[in-house]
Amino acid sequence: MNYKDALWFQKEVFKAVHLGLEGPSLILCNHNPVITLGRTAKRENILFPELELEKKGIEVYETERGGGVTYHGPGQLIAYPIFNLARLKKDIHWFLRELEHIVIDLLATFGIQAKKNPDLTGVWLEKGKISSIGIAIKHWITFHGLSINLKKDDLDNFQLIRPCGMDIRMTSLESELNKEVDIEEVKKELIVKFKEIFNFTSVRYTDIRR
Amino acid sequence: MTNVVLPPLGENIEKATVSFWFFKAGDKVNEKDDLVEMTTDKATFNIPSPCTGILQEVLMTEGQVAHVGETLGIIEEEPK
């Protein structure tokens, strides 16, 4: 799915949650290759001219999420939780840590031990970063969210940028398991983890497969 | 005069950075308009205008770090 279309959809869901028409909502999708700049991103951390990126079919977008530069591609699972923190806990850092917690628990179900880094938001393994997080909050309702690297093939494109303005290595679930990963299976587990961690009896989710 | 104050953002969050103002001093603002965006860690947080009026003064500008409870700007309320 195009980043732009996904963003539009997020905002539609956001409106519904804000008006109280919907409860906690989760959008699951993959993106066509795209580089996004969060609010603290510096252009110099995109290492290739935009024209060259365009030729490669990679779009560039500035977004309102927190964080620096990142890359998204079809080999990642993206989750956008649109939750009203006024009904959960009005605590931004708590929410970020819970998102990390979800990814760590998710990876554990695949036999992988991941951890948090107290100084760097995201989820980390020995070989590098596997999940990036960047959110935005308006009226205590969250949008944007997290990405998890699943497929090996996509990792090369991280060389086009300095993720979050740092020289960090990225890894993926496939690289760790050394076998192919079924995105649908990961999605199912991820929904379970969201429900568990946030204690939801139900979460409305939209699974976009295009 | 109504102060636009950095609200509590959670336990152990003492401060946040101004990313930008949606309005400039002298602009008319409506209650609940997006007024100023703050960043902390990997999150942006929007502060809505507490009332309708004129944004009189911006005290904390882009890139400045504000502490919870600190005044970011002042709005001259429109008489009702």
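Just so it is clear, none of the values below were taken in a lab; they were calculated from the coordinates. Just so you know, these numbers come straight off a predicted model, no measurement behind them. In this analysis, Cβ positions are derived from the backbone assuming ideal geometry, glycine residues included, and neighbour counts consider all displayed protein chains.
Below are the figures for this structure:
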| item | result |
| --- | --- |
| Karplus 3J(HN,Hα) series, Hz, for segment A:166-172 with 6.51 cos²θ - 1.76 cosθ + 1.60 (x for Gly, Pro) | 10, 8, 10, 8, 10, 10, 9 |
| Listed residues A:LYS195, A:LYS55, A:LYS42, most fluctuating in chain A (Gaussian network, C-alpha, under 10 Å) | A:LYS55 |
| Of A:GLY38, A:GLY57, A:GLY145, the one that fluctuates the most in a GNM where chain A has Cα springs shorter than 10 Å | A:GLY57 |
| Residue of B:ASN12, B:ASN46, B:ASN30 that the Gaussian network model of chain B assigns the largest fluctuation, springs spanning Cα pairs under 10 Å | B:ASN12 |
| Amide hydrogen neighbours beyond the local backbone of B:LEU35, cut-off 5 Å, H modeled | B:ILE47, B:SER49 |
| Sites A:THR109 and B:VAL68 - FRET efficiency at Förster radius 51 Å, r taken between beta-carbons, to 0.05 | 0.85 |
| Using θ = phi - 60° and Karplus 6.51 cos²θ - 1.76 cosθ + 1.60, couplings along segment A:139-144 (whole Hz; Gly, Pro as x) | 6, 6, 9, 8, 8, 6 |
| Interchain or long-range residues, amide H under 5 Å from B:THR44's placed H | A:GLY66, A:ILE135, A:ALA136, A:ILE137 |
| Inter-label distance, nm, simple model (7 Å from Cα along the C-beta direction), B:ASP33/B:MET1 | 2.1 |
| Computed lengthening from A:LEU120 to A:TRP94, 0.36 nm per intervening residue step minus Cα-Cα distance | 7.9 nm |
| Fraction of beta bridges assigned by DSSP in the protein assembly as shown that are antiparallel (%, nearest 5) | 80 |
| Centroid-to-centroid separation of segment B:6-33 and segment A:68-92 [C-alpha atoms, Å] | 21 |
| For chain A, the longest site-free run once GluC sites (Glu not before Pro) in DSSP loop states with at most 11 other Cβ atoms within 10 Å are removed | A:1-125 |
| Estimated vicinal HN-Hα couplings, Hz - segment B:42-53 in sequence order (Karplus 6.51, -1.76, 1.60; Gly, Pro = x) | 9, 10, 9, 9, 9, 9, x, 5, x, 7, 9, x |
| Rounded if a/c under 1.5, otherwise prolate or oblate - the protein assembly as shown, Cα gyration tensor axes | prolate |
| Cβ-Cβ FRET estimate between B:LYS80 and A:VAL203, R0 fixed at 30 Å, reported to 0.05 | 0.15 |
| Förster radius 22 Å - calculated FRET efficiency between A:LYS11 and A:ARG87, Cβ distance, rounded to 0.05 | 0.65 |
| All aspartates and glutamates inside 18 Å of A:LYS15 as judged from Cα atoms, apart from same-chain residues fewer than 8 positions distant | A:ASP5, A:GLU64, B:GLU31, B:ASP33, B:ASP34 |
| In range of the label at A:LYS179: residues from segment A:134-154 whose backbone nitrogen is under 20 Å from the point 7 Å along Cα→Cβ | A:149-153 |
| Nonlocal amide H pairs with A:VAL60, under 5 Å, H built at 1.01 Å | A:ILE35 |
| Under 15 Å from the A:GLU196 label point (7 Å along Cα→beta-carbon), backbone N, segment A:74-99 | A:98-99 |
